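Novice: Can you keep this structure in mind? I'll have questions shortly.
The values are calculated or read from the model by the stated rules, or taken from the named source; none is laboratory data. Computed from a prediction, not measured in an experiment: that's the story for all the values here. Virtual Cβ from ideal backbone geometry, glycine too; neighbours counted across all protein chains shown. SASA here: full protein model, heavy atoms, side chains in, ligands and nucleic acids out. Shrake-Rupley method; radii C 1.70, N 1.55, O 1.52, S 1.80 Å.
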Amino acid sequence: MSKLMTGLLLTVGIASMAVPAVVGLAGTAEPGPEDAVLVVTWPWAEDPATVVERAGGQDIGPVSAPMAVLASGATVAAYRAAGAIAVLPASALALFCESPS
């Protein structure tokens, strides 16, 4: 499979996972620096923990994932400027982890 096709499939997959979170969180206020957030990066970009560190935040999660980490201590704008593609309230994890009934 070509690199272009692989990139396209990854982008479509990521977008399909992110849409429920964005729709579910559309009415919530932007998290502040003291709030726990989920910092998301592209899978082919740098480690999310590096993005958090560069933004001036701290990794607070028990584990890190290849594309996301729980963090606090910096603003949403700082995480985005440091390379995050999305910064969601920690409650977004429930949307990804919820099992269908």
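Novice: Determine, yes or no, whether Thr41 is at pLDDT 65 or above and over 24 Å from Ala94 (Cβ atoms).
Specialist: Against the criterion (at pLDDT 65 or above and over 24 Å from Ala94 (Cβ atoms)), Thr41 does not qualify.
Novice: Out of Ser64, Ser101, I need the residue that is closer than 29 Å to Thr6 by Cβ and either modelled with pLDDT under 85 or not hydrophobic (A, V, I, L, M, F, W, C) (or both). Which one? So that I can check it myself, show each step before the final result.
Specialist: Values: Ser101 fails: closer than 29 Å to Thr6 by Cβ.
Going through Ser64, Ser101 in turn, the sole match is Ser64.
Novice: For Val69, indicate whether it is outside any loop (DSSP other than H, G, I, E, B), of a type in the set (A, V, I, L, M) and either in contact with a strand residue (DSSP E or B) (Cβ under 9 Å, 6 or more places away or on another chain) or at pLDDT below 90 (or both).
Specialist: Working: outside any loop (DSSP other than H, G, I, E, B): yes; of a type in the set (A, V, I, L, M): yes; either in contact with a strand residue (DSSP E or B) (Cβ under 9 Å, 6 or more places away or on another chain) or at pLDDT below 90 (or both): yes.
It is true that Val69 is outside any loop (DSSP other than H, G, I, E, B), of a type in the set (A, V, I, L, M) and either in contact with a strand residue (DSSP E or B) (Cβ under 9 Å, 6 or more places away or on another chain) or at pLDDT below 90 (or both).
Novice: Got a sec? Which of Val69, Val76, Val63, Val52 is in contact with a Phe, Trp or Tyr (Cβ under 9 Å, 6 or more places away or on another chain) and either open to solvent by less than 30 Å² (accessible area, probe 1.4 Å) or more than 21 Å from Glu30 (Cα to Cα) (or both)?
Specialist: Details: Val69 fails: in contact with a Phe, Trp or Tyr (Cβ under 9 Å, 6 or more places away or on another chain); Val76 fails: in contact with a Phe, Trp or Tyr (Cβ under 9 Å, 6 or more places away or on another chain); Val63 fails: in contact with a Phe, Trp or Tyr (Cβ under 9 Å, 6 or more places away or on another chain).
Result: Val52 is the single residue among Val69, Val76, Val63, Val52 that is in contact with a Phe, Trp or Tyr (Cβ under 9 Å, 6 or more places away or on another chain) and either open to solvent by less than 30 Å² (accessible area, probe 1.4 Å) or more than 21 Å from Glu30 (Cα to Cα) (or both).
Novice: Can you name every residue in region 79-101 that is over 16 Å from Gly32 (Cα atoms) and open to solvent by 30 Å² or more (accessible area, probe 1.4 Å)?
Specialist: Gly83, Ile85, Leu93, Ala94, Leu95, Phe96, Cys97, Glu98, Ser99, Pro100, Ser101
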